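Only the coordinates and a few stated rules stand behind these numbers; no lab work does. Because the structure is a prediction, the values reported are computed rather than measured. Quick reminder, even Gly has a Cβ in these numbers, built from the backbone with ideal geometry, and neighbours come from all protein chains shown.
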Amino acid sequence: MKSSSNNKHYRWYGVLTLFVIVAISYVDRINIAVLITDKAFLDHVGIAAGDRVSQGFLATAFMLGYGVSAFVLTPFCSALFGVRRSLVYGLILWGVVTWASPMFHSYGLLLASRVLLGVSEGPLFSLASSYIKAHFRSDENGKPNAFVNMGTGLGLAIGYPLVGYLLTQFAWDTSFHVLGVLNIALGIPLVLAFVRMPAGHADGVKPSSFGEAMARVGDIARGALHTRHLFLITLLTSAALAYLWGSSNWLPTYLREARGFSMREMGWLASLPQYATVLAVFVGGLLIDKVGRDRVPFIFMGASVGVALSVLTAINAHDPYAAACCLVAANFFWGLQSPAIPSTVQYCSRPEHTASAFGVTNGAGSLVAGFMPALMGGVISAVSHGSQGAAVTSASSASGFFAGFALLIGTQVVVFGCGLALWLRDRSQPPVAAAGSQLS
């Protein structure tokens, strides 16, 4: 009995480790979002200050690599390496890529490095989902999913002011070097110390032959495609991630250029919505365990309405601080829906297919959402130039950002519709065991 109690206690160390790794990975991801406000960085890679599409595509390039990796590499990681070794290999790769990024002296090479960084981070959330599925029952996975997803908000909250500080105190390439060392020096020791799969769990058991390896990968991939409501969950994930990546990538520039905040103000104001996300993700995890599985779709529906109304109010607010407060509220509502996504995947998939199932939803969702920063950049640029012809004034630039942020409202319409459809489908079907369910 004592041993069982110790195991239940120890499993949380793995959850907290995954929380830290997610946080540092998100600092890596938004590093570029702050750097595009720096003229020296833009000159280094050959991007014009007004070229919003090229700036946005730096985030899109990461998400393309991330999405393909989550979809394609996750079955191999799950079948051949297991959760622990896959995390270690990933941390080494993305630490090296981050540290070496300043060595790329052209826009094309920087894009390639962002794709490679996305590839290295792609399986992260799928591996975390597999760890939680192995250690927690479906009626108790709300809180561990919340803790892991809180790393998203914390990474963004720490990342904006940290990168902003490094940018004001040192050369722009310092942020890449600091983050590259941080990934390896902090992440790997934590994984080796605390991430353990349950005894008897077939996690990364070495296959006896290449044929067995490929057969195992194929079984996992096919099993993932039999997850219940896979298309709906993937569409919902795409829309949710589109909001996250669109807002987080353009938030620093929006605060500086559309709302007139200084670099110092931009750093802490950009971090406030992320702290709201951290709090909301924790609350969302508690809600999942409290309301029961049949009511989880209501979290998607209610939170999406909150996000849409908050963004709409922010766009129309005249006072810049009021607009910033509305964006804080929008991120809070987004955070409520965040842990419900992996919880739903875990509920609808078999244990041995969870990592790959989440790889499908998160990978495909990331590929779709990855175009949001570039799409917003295109709208911002088009509206800005369309307002004043060839000359882009501060007022026309602001109108461009307002139009770009309006796209975020559409993502929440999709989230609401998917949440409603999930509720209607589950309501019309008899209860099924999550582990044994098939695609309906």
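A Förster radius of 51 Å, combined with the Cβ-Cβ distance separating Ala40 from Leu192, puts the computed FRET efficiency at roughly 0.85. Each Lys or Arg adds one and each Asp or Glu takes one away; over the other residues whose Cβ falls under 15 Å from the Cβ of Asp43, this sums to -2. Other residues within the sphere of radius under 11 Å centred on the Cβ of His229, judged by their own Cβ, net out at +1 (K and R +1, D and E -1).
Along the Cα-to-Cβ line of Tyr89, 7 Å from the Cα, sits a label point; which residues in the stretch 346-374 have backbone N less than 19 Å from it? Answer for the stretch 346-374: 353-360, 363.
Each Lys or Arg adds one and each Asp or Glu takes one away; over the other residues whose Cβ falls under 15 Å from the Cβ of Gly155, this sums to -1. Residue by residue, the stretch 92-98 carries 3J(HN,Hα) couplings of 4, 5, 6, x, 5, 4, 4 Hz when phi is fed to the Karplus relation 6.51 cos²θ - 1.76 cosθ + 1.60 (θ = phi - 60°); x denotes Gly or Pro. Remark: the Val291-Leu424 segment gains 46.2 nm on full extension, using 0.36 nm per residue and subtracting the alpha carbon distance.
Projected label points at His9 and Asp139, each 7 Å from Cα along the beta carbon direction, are separated by 2.5 nanometres. In order along the stretch 14-28, phi translates into HN-Hα couplings of x, 4, 5, 5, 5, 4, 5, 5, 4, 4, 5, 5, 6, 4, 4 Hz, rounded to whole numbers, per the Karplus curve 6.51 cos²θ - 1.76 cosθ + 1.60 with θ = phi - 60° and x for Gly and Pro. Projected label points at Val181 and Asp51, each 7 Å from Cα along the beta carbon direction, are separated by 3.2 nanometres. Computed from backbone phi with θ = phi - 60° and the Karplus coefficients 6.51, -1.76 and 1.60, the 3J(HN,Hα) list for the stretch 46-60 is x, 10, 6, 4, x, 8, 5, 5, 5, 5, x, 6, 4, 6, 4 Hz; x is used for glycine and proline.
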